[in-house]
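Data first, discussion second: the structure below is written as structure tokens.
Just so it is clear, none of the values below were taken in a lab; they were calculated from the coordinates. Quick caveat: nothing in here was measured; it's all calculated off a predicted structure. A quick note on method: Cβ atoms are made from the backbone with ideal geometry, for glycine too, and the neighbour counts reach across all protein chains shown.
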Amino acid sequence: MKKQELPDLSWLEAYRTASPNFGLERMERLLELRGDPHLQLPVIHIAGTNGKGSTIAHLRQLLEVRGLRVGTFTSPYLVSYNEQIAINGNAISDQDLQRLLSLYQDLLAQHATDSGLQGVTEFEIVTALAYDYFVQQQVDVAIIEVGMGGLLDSTNVCQPLLTAITTVGLDHVALLGDSLEAIAQQKAGIIKHGVPIVTGRLEPEALAVVEQKAAEKDSPLFSWSQAYQVEPQESEEGECFSFSNAYRAKDSYQTALMGLHQADNAGLALHLCDLYCQLQSLSLLTKAEVERALLTAEWPGRLERISDQPLILLDGAHNPHALRSLAATLDQHYPTYKKHILFACIQTKALDDMVELLQKIPKAAISLTAFADPRSFSKESMQSLAEQQGLSYKEWPDYVADYLAVEHEPDELLLITGSLYFLAQVRKSILENCKLDFAERPSQSSQLSKNKNEHRSIYGHEEN
């Protein structure tokens, strides 16, 4: 039998950009040439500085329990390019991805002189491809994650049933603005006339911006602590919380995902699910169905425990807002542990601020590193910062090898964090080359491994 070849992504390199090329005109033209698939889909559109992926992971499971065929468009990918586009957790096949890539390659060649397509980017092509695929596969609903910002993001051509903003924090300030109000203005750009908007735990100044935009658009607003209530509770594994809204009396739930913020993400997802069921005249999930869905939610690279002995955690905290949540979770779940932290990030991030936050984590020994990606801070930059701050610098393969070569106490852990692009390289290396105790290894690892390929050199969309 002839071996199935991996999708050829090389032609997309011509459309790669170092920074987003904001605007919707190119997307609208590209999709027009494909019969406007984005307007044929029931969509839930989700923006936010952090928490989008985890919220989508919870929401997908909830909608699947209702018996729906759920498409998801998320990024960046951790193992394979395919995983950005999935249906019920199954990444697009190599065959379908290649078919659509060839289709769009031919389409762009045929319309090479079309002024409306000049400057089209890789992310715009992949976004259009996702809308196309979901229509072809007749999904019941597509959950679409905003790439960056919202107002001018490539995904913002859809006409959604529901929209959501998970969090608003200072990230991508050079592109989105240097205040919470400015960034919230960009994210509130996904709000459509008359379409309900649900918000997560927003700071008052960010929420005020969203409230104003919702009023302008005559869009019903459902905000955290007002329309629905989430209260974290003590738990040994995952995160427990109480939840209530207009459809549900106060009751306790648990998500399999670790992180104090995951209670908020799960609560936001549950409220979105209830609203969707109401809009679509579907019966609400029972408590038992909700519990089953939340306990099967998976999102790799977010406080993912890939080894028990020694304890190794991976977390893609790539901005100060996410690092504060990570630090709070470590304090909650591992207050007495000695923490070995290996950190790297990309050049668009607030490096100094994040290193300062890491240094405030109790019982932590911090090492900086760099990784093989043009977006990474250089080895020289990280070495210089390490010297200035009295920290260590080490090449990450050497660091991991040295760490695994010695015995560690039960109350020690290794946390590898910073960029999701960095995590992708480290995670692959550890899972493929290290013999560790994976008794509690998350099941998503096996699913992702089925689809892995070697296309990390092609840019996904921006870390967000």
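Working from label points 7 Å from Cα in the Cα-to-Cβ sense, the Ala246 to Ser225 distance is 2.1 nm.
Restriction of the chymotrypsin sites (Phe, Trp or Tyr not before Pro) in segment 153-234 to DSSP coil positions whose beta-carbon has at most 10 other beta-carbons within 10 angstrom yields no sites.
When the dipole is taken about the Cα centre of segment 9-296, and only Lys, Arg (+1) and Asp, Glu (-1) are charged at their Cβ, what size is it in debye, to the nearest 20?
That gives segment 9-296 a dipole magnitude of about 500 debye.
3J(HN,Hα) along segment 202-215: 9, 5, x, 5, 6, 4, 4, 5, 5, 4, 5, 5, 4, 5 Hz, from the Karplus curve 6.51 cos²θ - 1.76 cosθ + 1.60 with θ = phi - 60°, whole Hz, x for Gly and Pro. Highest-first packing order for the peptide set 396-408, 53-65, 412-424 is 53-65, 412-424, 396-408, based on the mean count of other beta carbon atoms within 10 Å. Which of the three applies to segment 94-174, rounded, prolate or oblate, going by the alpha-carbon gyration tensor with a ≥ b ≥ c and a/c under 1.5 meaning rounded? It is oblate, given that a/c is not under 1.5 and a/b is not larger than b/c. Full extension of the chain between Asp398 and Ser235 yields a length gain of 55.2 nm, computed as 0.36 nm times the residue separation minus the alpha carbon distance. Place a label point 7 angstrom from the Cα of Ala328 along the Cα-to-Cβ direction, then list the residues of segment 215-229 whose backbone nitrogen is under 19 Å away. Within reach of a label on Ala328, which here means backbone N under 19 Å from a point 7 Å along Cα→Cβ, segment 215-229 contributes 223-229.
With R₀ set to 51 Å, the beta-carbon distance separating Asp218 from Ser381 gives a calculated FRET efficiency near 0.60.
The order of the peptides 255-266, 294-305 by mean Cβ neighbours within 10 Å, most packed first, is 255-266, 294-305. The trypsin sites (Lys or Arg not before Pro) of segment 179-274 that DSSP puts in a loop, and whose beta carbon has at most 13 other beta carbons within 10 Å, are Lys250. What the phi angles of segment 66-72 give under the Karplus curve with 6.51, -1.76 and 1.60, with θ = phi - 60°, is a coupling list of 6, x, 8, 9, 10, x, 9 Hz, glycine and proline written as x. Of all DSSP bridge pairs formed entirely within segment 9-296, close to 45 percent run antiparallel. For the chain, the mean residue ellipticity at 222 nm estimated from helices alone is -11500 deg cm²/dmol, where every DSSP H run of n ≥ 4 contributes -39500 (n - 2.57) and the total is divided by all residues, rounded to the nearest 500.
Ignoring aspartates and glutamates fewer than eight residues from Lys339 along the same chain, the ones with Cα atoms less than 15 angstrom from its Cα are Asp308, Asp315, Asp331, Glu407, Glu409, Asp411, Glu412. Inter-label distance, Thr336 to Glu13: 5.4 nm, where each label sits 7 Å from its Cα along the C-beta direction. Placing a pseudo-label 7 Å from each Cα along the Cα-to-Cβ vector at Gln110 and Leu152 gives an inter-label distance of 3.1 nm. Across the options Gly67, Leu12, Ser235, the greatest Cα extent toward the positive end of the charge dipole of segment 9-296 (unit charges at beta carbon of Lys, Arg, Asp, Glu) belongs to Gly67.
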